[in-house]
């Protein structure tokens, strides 16, 4: 990397501070910033953080027990300059996502390392993984003492779009200035809620974009005197926010998720990958829906996918296969049981690990479900192999602890620290009231 030309270009753009970001096991995005005028080793080696940063829960900045990490020991947070972006909502600042490095080597508890390893495993099969995170979020008034939405509109109403047109335009422009294309946006069913879909990307870039989207939406909202929250369920009796992951398999520059000649139009590899997601779904939820608040959203008849099932265009199934607009074979698989309390590197990496296991074992996903599983009798669901999903974070953590495929893919240091952080959150928040939970978490996510 040519440090001096990069520094000159950033100075020419009136940048003074370089933020180096990381996303911890609680999925809180954090950063340290260094001064651009100090042209030193930080451009190469990054900034130092304690190893214990990966043992911090969402409730407080203190180390949880049994994480295997302590305040003794340091890793370097090395900027990945491929992720460099100037921040329109923070004049004078740019940001880069960092890799955690220890003694010159990738640190085993680094979430980006975990995702890279799963991508490399897919590459051994000649596969590339393409993904997009489909975010929902709430726009709230800035009052820190209350969680108050900016409107009480219904799904897709133009009035809500008109009211928030300026802030939505600013979010779109800020994302596009970072080379993140916004494909679609609309008011969602919750009060003050919007859904924002960005263009897909390959591999690590898809998760990096998710970090940038969360930072940008929150930063632009703040510049407008508002709060943006990706919390799954900020309002007890209204729709919640998911963060669906659309995923497709590619080989030699071609999408191989579909096969027009195969049953259901899905390739054998695509079906086995999807079957792996379904097989590991209860354990995956500890990673993809990893907050206590997540399980307030995952309920039957709330469009969140409360049952282990898949179906074409079935928004009540945990795994939805969107039909192509022309009626042809599907191009991707939508994993619905995910929200923005999930670290995107861990969530996408775990999906890949589960899908590859399905391919290794030659699993079949079963028949698609063409009805809302919540309307079926218990006997009918049992006869068709449709299970209710875990109803709490504690239950999902039990499944993950027993899932040797997923914990093995994470490797001991990351698996231990992640489980310790989320168990601590479960123990601390399992008895919290809804209002207590929301007051704590609304600004974390």
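Kindly indicate whether residue 316 is modelled with pLDDT of 95 or more, over 11 Å from the mean Cα position of the chain (by Cα) and within 25 Å of residue 295 (Cβ to Cβ). So residue 316 fails the test. Considering region 1-66, the qualifying strands (runs of 3 or more DSSP E), each wholly inside and each with 3 or more residues that are touching a strand residue (DSSP E or B) at 6+ places or on another chain (Cβ under 7 Å) and buried (at least 21 other Cβ atoms within 10 Å of the Cβ), run over 17-23.
Whether any residue in region 237-248 is part of a loop (DSSP other than H, G, I, E, B), at pLDDT 95 or above and more than 27 Å from residue 281 (Cβ to Cβ) is what I want to check. No, because not a single residue in region 237-248 is part of a loop (DSSP other than H, G, I, E, B), at pLDDT 95 or above and more than 27 Å from residue 281 (Cβ to Cβ).
Checking each residue in region 148-180 for being closer than 22 Å to residue 445 by Cα, within 23 Å of the chain's Cα centre (by Cα) and part of a loop (DSSP other than H, G, I, E, B) picks out 178, 180.
Go through region 181-200 and give me each residue that's assigned to a loop (DSSP other than H, G, I, E, B) and within 23 Å of residue 140 (Cα to Cα). The answer is 188, 189, 190, 191, 192. Against the test of being in contact (Cβ under 8 Å) with a residue 24 or more places away in the chain, under 15 Å from the mean Cα position of the chain (by Cα) and within 30 Å of residue 435 (Cα to Cα), the options 231, 204, 226 yield a single qualifying residue, 231.
Look at region 297-313 and say how many of its residues are surrounded by fewer than 21 Cβ atoms within 10 Å (Cβ to Cβ), in contact (Cβ under 8 Å) with a residue 24 or more places away in the chain and either under 16 Å from the mean Cα position of the chain (by Cα) or farther than 15 Å from residue 388 by Cβ (or both). Of the residues in that region, 3 qualify.
The values are calculated or read from the model by the stated rules, or taken from the named source; none is laboratory data. No experiment lies behind these values; they were computed from the predicted model shown. Here Cβ is always computed from backbone atoms with ideal geometry, including for glycine, and neighbour counts include all displayed protein chains.
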